[in-house]
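Reviewing the structure listed below.
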């Protein structure tokens, strides 16, 4: 099921700790039970149907809340990774670790993907900060001679997103072991799948 639309530009009311916890539980529930009804979702997260209705009203509103939380978490990921402050390879490892700390949210974004989800039109402004931050980060890696320069920074961003989100999706489907993901991702991103892969990052 697709989310109902773009974020509004209005500032959302901060959630209470209880609401934050409920939203995290609902993220997990929707990832693992994408066709669940509102009643089924309420049962999965251990609240009444009335409580869930007071929290979000409709399924579309719930998906909008989850997308809003996704934007907040991606902002936090970019900030915590210190992409422009620290040495490139250290920042890359931290960027990957920050993403993997929110696996369920990434899995939700994969499940809710639609062609315009990360487009760069003016209406998609809430997402643009994320793409721009990654573009600038990978451009810095190119300027420092760490990354090849025959591929644009924007393509490197797309490759990074595909790898990270794809591995999280593979974990959810039992195709990849989560214990190996943090080690595999920087190796594959930097050096590809060659049998001569380097071990230092």
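Of all the Cα-Cα pairs you can form in the stretch 66-191, what percent are over 17 Å apart?
So the portion of pairs separated by more than 17 Å is 57 percent.
Give me the distance in nm between label points sitting 7 Å out from Cα along the Cα-to-Cβ direction at residue 61 and residue 194, one decimal.
My value for the distance between the label points is 5.5 nm.
Report the Rg/Rh value for the stretch 136-201, based on alpha-carbon coordinates and the Kirkwood definition of Rh.
For the stretch 136-201, the value is 1.00.
What FRET efficiency do you get for residue 154 and residue 129 if R0 is 22 Å and r is their Cβ-Cβ distance, rounded to the nearest 0.05?
Efficiency computed from Cβ-Cβ geometry: 0.90.
Let me check I have the definition right: for the stretch 14-57, take the eigenvalues of the Cα gyration tensor, multiply each by 5, take square roots. What are those semi-axes in whole Å, largest first?
Those come to 16, 12, 8 Å.
Going by average Cβ density within 10 Å per residue, which order do the peptides 174-184, 20-30 take, highest to lowest?
20-30, 174-184
So how far apart, in nm, are the two label points at residue 179 and residue 110 if each is 7 Å from Cα heading toward Cβ?
So the two model labels end up 2.0 nm from each other.
Sticking with the crude label model, points 7 Å out along Cα→Cβ, report the distance from residue 53 to residue 36 in nm, one decimal please.
Simple spin-label model gives 1.9 nm for this pair.
Values quoted throughout were computed directly from the atomic coordinates according to the rules given, and no laboratory measurement underlies them. What you see is a predicted model; the values in this text were computed from it and never measured. Glycine gets a Cβ as well: all are built from the backbone with ideal geometry, and neighbour counts include every protein chain shown.
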